[in-house]
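Below you'll find the structure, written out as structure tokens, and then a few comments.
The values are calculated or read from the model by the stated rules, or taken from the named source; none is laboratory data. Treat the numbers as computed from the prediction; the structure is a model and nothing was measured. Every residue, glycine as well, gets a Cβ built from its backbone with ideal geometry; the counts of neighbours run over all protein chains shown.
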Amino acid sequence: MNEYDSSRMADLLGESHDMELTDNAEEADVLLLNTCSIREKAQDKVYHQLGRWKKLKDKKPGLKIGVGGCVASQEGDAIRKRAKHVDMIFGPQTLHKLPTMVDAAAKSIPITDVTFPEIEKFDHLPAPRVDGAEAFVSVMEGCSKYCTFCVVPYTRGEEVSRPFNDIIQEVTQLAEQGVREIHLLGQNVNAYRDESNADMEADLADVIHAAAAVDGVERIRFTTSHPVEFTDSLIEAFRTVPELVSHLHLPVQSGSNKILKAMKRGHDRQAYIDKINKIKAARPDISLSSDFIIGFPGETDDDFVDTMNLIQEIGFDHSFSFVYSQRPGTPAAELEDDTPEELKKQRLAILQRRINQQSYDISQAMIGSTQRILVTGYSPRDPGKMQGRTENNRIVNFPAIDARLIGKFADVIITDAFPNSLLGELISSELESSYSL
Ligand code: SAH
């Protein structure tokens, strides 16, 4: 989501002030830090970066510095207590005001605006510009689930959905620029409900159906969904929409009923398993990934074993897993936590080893199979190879040098598997007229 927001910021300032992105901070007129506060570590990084940028500003007083995102939302003006040199402080829902903030900063007027003006932001963003065949499209923002560990409802606000027609218009604009794979985004993407049309309350499954019908769109992904919002209509979409990839990221956080309850996730272990079984019945070859929080207050060895057993039972292919981080203002921050940090780290290492092994086993089993990939470009390590992504989110490198393949689908046979990528041979591609999608 932050990546998406960052590219919107670049689009906005490109349109309003003719600004261009640079990789070189020393050459910039405006430096923006788009921040995340989901865990404490992300927050600490913000102040380190601002410290480094202070030196640049000392050398170039006209330089303007802005902090956006969830740390800005959470800290507001307090950021200036630790970093006086910050000119603009804006939240995830006020980034569309950047052009006026930059004008104010030019007159040395410091600005802080971290409000949640509903979904107004999307009405003020320019049409998206992309280069490449993959693009994010935000469909909803925020979260109203209030899991006890999570800061999102307080930093991004409650769930707000964009109007259905706006989303499909954006997908169409992207497809017209050559986008083939659309990644629908939201903090709770499957809580999407179109409230703009009282007669027909569209949900995420409707968005998927409509996006799949847009000319040029051949692949659709969505993140991140919540198990309790995983409706039958969405499960059905896996059965009926071939453009929807055979990959699903569905965060479970823990395999222990006691911990799930303390997290206020709204479902137990069995409900998660039942949901996955229904999804597997609709799409038997689906690859599954998840989020885990290790060391939530009160997590015992037995609770951890429940999580490990669930990982094996579901056969997860990938995870985003972290040690629990206490977030200010969340209910779990009040809970007593007597598990030593060292033990939490050990548990996390065990879990990650297990999932990496499962993932590697799946990669090995793919050797010899034919996979459809969307070619994204040249391999950064080997200029004689190109690379693309499989439906189950693996990078495949294959020998070829043909720029016309970029942004096209191709079939490759997998010849080898490594921990972070696969090796393949090109069999056929969209460049051939006989290739059928
Ligand atoms: N809305 C989805 C996914 C949220 S994505 C869901 O609730 O399932 C954010 C991920 O960050 C979460 O899935 C969780 O694994 C992680 N996370 C959130 N708060 C955290 C915290 N306090 N400590 C560690 N990880 C956290």
message: Of everything in the range 4-49, what is surrounded by fewer than 16 Cβ atoms within 10 Å (Cβ to Cβ), under 24 Å from the mean Cα position of the chain (by Cα) and either among the basic types (Lys, Arg) or at positive phi (or both)? Give them in sequence order.
response: 41, 45
task: Run down 237, 198 and say which single residue is more than 20 Å from the chain's Cα centre (by Cα), more than 16 Å from the ligand (Cβ to nearest atom) and at pLDDT below 95.
output: 198
query: Quick check, is residue 132 within 27 Å of the chain's Cα centre (by Cα) and surrounded by fewer than 20 Cβ atoms within 10 Å (Cβ to Cβ)?
result: yes
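Just checking, which of 104, 72 is out of contact with any Ser or Thr (no Cβ under 7 Å at 6 or more places or on another chain) and among the small types (Gly, Ala, Ser)? Break it down into steps so the answer makes sense when it comes.
Details: 72 fails: out of contact with any Ser or Thr (no Cβ under 7 Å at 6 or more places or on another chain).
Only one candidate qualifies: 104.
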field: So residue 43, is it farther than 20 Å from residue 152 by Cα, among the polar types (S, T, N, Q) and in a helix (DSSP H, G or I)
entry: no
- request: May I ask you to verify whether residue 401 is in contact (Cβ under 8 Å) with a residue 24 or more places away in the chain and of a type in the set (A, V, I, L, M)?
  value: no
statement: Of the conditions (1) away from the ligand (no atom under 16 Å from the Cβ); (2) in contact with a strand residue (DSSP E or B) (Cβ under 7 Å, 6 or more places away or on another chain), the single one that residue 70 does not satisfy is (1)
statement: Only one of (1) touching a residue at least 60 places away in the same chain (Cβ under 8 Å); (2) buried (at least 22 other Cβ atoms within 10 Å of the Cβ) does not apply to residue 145, and that is (2)
query: If you go through the range 284-299 one residue at a time, do you hit one that is assigned to a helix (DSSP H, G or I) and modelled with pLDDT of 95 or more?
result: no
- prompt: If you check 284, 340, which single one turns out to be under 21 Å from residue 390 (Cα atoms), more than 16 Å from the ligand (Cβ to nearest atom) and surrounded by fewer than 20 Cβ atoms within 10 Å (Cβ to Cβ)?
  reply: 284
- prompt: Hey, among the residues in the range 206-234 that are within 13 Å of the ligand (Cβ to nearest atom) and over 16 Å from the mean Cα position of the chain (by Cα), which one's surrounded by the fewest Cβ atoms within 10 Å (Cβ to Cβ)?
  reply: 228
query: Which number in (1) of a type in the set (Gly, Ala, Ser); (2) over 26 Å from residue 373 (Cβ atoms); (3) touching a strand residue (DSSP E or B) at 6+ places or on another chain (Cβ under 8 Å) marks the one condition that residue 198 misses?
result: (3)
query: For the range 132-150, what are the residues that are out of contact with any Gly (no Cβ under 8 Å at 6 or more places or on another chain) and within 14 Å of the ligand (Cβ to nearest atom)?
result: 143, 144, 146, 147, 148, 149, 150
query: List, please: which pairs have Cβ atoms under 6 Å, are six or more places apart or on different chains, and start with a residue in the range 265-286 that is without any contact (Cβ under 8 Å) to a residue 60 or more places away in the chain and end with one that is of a type in the set (A, V, I, L, M, F, W, C) and exposed (fewer than 15 other Cβ atoms within 10 Å of the Cβ)?
result: none
message: Looking for something within 16 Å of the ligand (Cβ to nearest atom), polar (S, T, N, Q), surrounded by 23 or more Cβ atoms within 10 Å (Cβ to Cβ) and within 26 Å of residue 130 (Cβ to Cβ) - is there at least one such residue anywhere in the range 252-263?
response: no
task: Counting only residues that are over 23 Å from residue 220 (Cα atoms) and touching a Pro at 6+ places or on another chain (Cβ under 9 Å), give me the strands (runs of 3 or more DSSP E) lying completely in the range 342-434 with at least 1 of them.
output: 385-389, 422-429
